[in-house]
Amino acid sequence: MIRNPVLPGFHPDPSILRVGDDYYLATSTFEWCPGVLVHHSRDLVHWRSLGGVLTGRRLLDLSGVPDSGGVWAPDLTYANGLFHLVYSVMDTYAHGYKDVANYLVTAPAVEGPWSDPVRLPGRGFDAALFHDDDGTTYLLNMVFDSRPGGGFSGIELQPLDGTEPPRLILENRSVTEGPHVYRVDGWYYLMVAEGGTGYEHCVSVLRSRSLEGPYEADPAGPMLTSRDDPGLELQKAGHGCLVRTQGGEWYLAHLAARPYGTRGRCVLGRESAIQRVEWVDGWPRVAGGVPAVEVPAPALPPHPWPAAESGWSTLRRHASPGWVRFDGGRVTVSGGQSPYGRRAPSLVARRVTAKRCAFAADVTFEPGSVHQSAGITAYYNSRNWYHLARTTDGLVLTGSDRGARTVHFTAPGPATRLGLEFDGPVLRFSCNGREIPVELDATILSDEHADEIIDGRIRSFGFTGAFVGLWVQDLAGEGCQAVFDEISYEAADADAVAVTQGGE
């Protein structure tokens, strides 16, 4: 059986691809480096991380991007002996504007080397490629109109070589985005995400005999959604992508979320799941139109992967020897900007994959001034985080709730091993094996809490998910380093399944 989510924790907007016997899932990474994580499977059940595609500033520069900006909705395809990766980089999404650029990189193997990015045309985001049977490649994207009263305008199509102008093949229906096209039995099927990426999210399918349309919607309604059943374990189901197995079976990769309580906050962010698809009356459909936690696996030999070390992600700047070094299980981090800096923070983190989990590290650090600190963090974005750090004032536990900072605990004396534990909606920190007597609200580290819309205007979105990690600050640029050793992450329940992390 496939057990969902197959990629637990922050792994949204999955693009699934089969090349021969190998399956690949590419997911959004937003402001985190490396850009576009890719996972690999041979049975759709067991997945291993191949790390990020966009490594280094040649391929991706995220300095200055807003929270939940950066890399949106990658699309991974294969044609003419090359992997093609299309992705959007969002520099601004607030105040009615979308400053976004779409790019294409190619490689002979999914491990690379990847070409220099090529800027694509397109007047929106969620760009994707369709390789038609006649060898023509088309570019799709949703269209965004930034004029007052504008917004989502539909789905646009044009030949990738630019020989024809773009055509609007589908007008906006309900926040219509995330397009993919498939050609099956003489029909063109247009799959889109609709309803926004929250609890009204869904996957819709339309079809036409012509690539340019007109497209008619499946009369049965959305192919997949959770919006009509708040009791489902997997909520926010949407943003789908189809794959066909070697034996002719069909599956749908999609995002989903697991809230705390009925349609509560989603600390784990948007995750990747897989559903079985059956063709009924010429339409691809999921049983009941709802996401299932357990799904029959395809008729493929089981292919588990060896255990691998957990991979790290870095915030807004790529890992480089100039500020972070990895030596086996030891990580050395040079200090960076404040929590609100968007150019050079020094935060090395990994995704939270379970509602109950623990993270800890030994910290060697001697602060030289009040401008320096080092420790561990439970982090969502620049405005929502907790940080237990060694400072010149001793051990200090600070939290930020939508930008408002609070000191929750201070203590003098040495602190060598720092830890934290997620216990559902409660977060606890510890020092040298002793629990700090403060219970914190873990749910501020959630998509819903990170959303800030004031007087109908977007201030910030929450599209990522909670992280735990190592954080060193050097606000005056005086030069400081912290060494982290004996680092551990343990999921204390069965939420984190099927994924072998490594190499992020």
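Readers should treat all values here as calculations from the given coordinates under stated rules, not as data from a laboratory. Computed from a predicted model, the values in this text were never measured in an experiment. Ideal geometry is used to build each Cβ from the backbone, glycine not excepted, and the neighbour counts take in all protein chains shown.
Database remark: amide H of residue 9 closer than 5 angstrom to no amide H (H placed geometrically; neighbours at sequence offset of 5 or more, or on other chains; Pro and chain starts carry no H).
Residues in the stretch 279-284 carry Karplus couplings, in order, of 8, 10, 6, x, 10, x Hz; the curve used is 6.51 cos²θ - 1.76 cosθ + 1.60 with θ = phi - 60°, and Gly or Pro positions show x.
Suppose every K and R has +1 on its Cβ and every D and E has -1 on its Cβ; what is the size of the dipole of the stretch 198-264 about the Cα centre, in Debye to the nearest 20?
160 debye
Largest first, the three principal axis extents of the alpha carbons in the stretch 313-500 are 44, 37, 33 Å in whole numbers. Exposed loop sites here mean trypsin sites (Lys or Arg not before Pro) with a DSSP loop assignment and at most 13 other beta-carbon atoms within 10 Å; the chain contains its longest site-free run at 59-208.
Work from the charge dipole of the chain (Cβ charges, +1 for Lys and Arg, -1 for Asp and Glu, about the Cα centre) and give the residue of 329, 74, 245 farthest towards its positive end. Projecting each Cα onto the dipole axis, the largest value belongs to 329. Largest first, the extents of the alpha carbon coordinates of the stretch 407-451 on the three principal axes equal 38, 20, 16 Å. With both labels modelled 7 Å from their Cα along Cα-to-Cβ, the residue 451 to residue 173 distance reads 2.1 nm. The sum of -39500 (n - 2.57) across all DSSP H runs of n ≥ 4, divided by the residue count of the chain, sets its helix-only mean residue ellipticity at 222 nm to 0 deg cm²/dmol. Here the spin labels are modelled as points 7 Å beyond Cα on the Cα-Cβ line, and at residue 478 and residue 262 they lie 5.4 nm apart. If R0 equals 56 Å, the separation of the Cβ atoms of residue 370 and residue 109 corresponds to a calculated FRET efficiency of about 0.70. According to the square roots a ≥ b ≥ c of the eigenvalues of the Cα gyration tensor, what is the shape class of the stretch 90-172, taking rounded for a/c under 1.5, prolate for a/b larger than b/c otherwise, and oblate for the remainder? In terms of gyration-tensor shape, oblate.
In a solvent-free Debye calculation with one equal scatterer on each Cα, what is log10 I(q)/I(0) for the stretch 31-168 at q = 0.10, 0.12, 0.22 Å⁻¹, listed in the order of the q values? One equal scatterer on each Cα of the stretch 31-168 leads to -0.36, -0.52, -1.39. Sequence-ordered 3J(HN,Hα) estimates for the stretch 295-308 from the Karplus curve with 6.51, -1.76 and 1.60 and θ = phi - 60° stand at 9, x, 6, x, 7, 10, x, x, 9, x, 10, x, 4, 9 Hz, glycine and proline given as x.
Taking amide H positions as modeled 1.01 Å from N, with prolines and chain starts lacking one, the residues under 5 Å from residue 409 and 5 or more places away or on another chain are 397.
Going by the alpha-carbon gyration tensor, a ≥ b ≥ c the square roots of its eigenvalues, is the stretch 173-258 rounded (a/c under 1.5) or, if a/c is not under 1.5, prolate (a/b greater than b/c) versus oblate? Walk me through the numbers before you get to the answer.
Values: a/c = 2.32, a/b = 1.43, b/c = 1.62.
Here the stretch 173-258 falls in the oblate category.
Using unit Cβ charges (K, R positive; D, E negative) and no other charged atoms, how large, in debye to the nearest 20, is the dipole of the chain about its Cα centre?
Working: 43 positive and 60 negative charges, 148 e Å.
My answer is approximately 720 debye.
In the chain, a dipole from Cβ-located charges (positive for Lys and Arg, negative for Asp and Glu) runs towards its positive end, and of 62, 437, 311 it is 437 whose Cα lies farthest in that direction.
Couplings 3J(HN,Hα) of the stretch 430-436, computed from phi: 9, 9, 6, x, 10, 6, 6 Hz, in residue order, whole Hz [Karplus 6.51 cos²θ - 1.76 cosθ + 1.60, θ = phi - 60°; x for Gly and Pro].
With a cut-off of 11 Å between beta carbons, the residues surrounding residue 41 carry a summed charge of 0, where Lys and Arg count +1 and Asp and Glu -1. For the stretch 165-246, the dipole from Cβ point charges (+1 on Lys and Arg, -1 on Asp and Glu) about the Cα centre works out to 320 debye, to the nearest 20. Under 5 Å from the amide H of residue 269 lie the amide H atoms of 447, 466, each residue being 5 or more positions distant or on a separate chain, with H modelled from the backbone and absent for Pro and chain starts.
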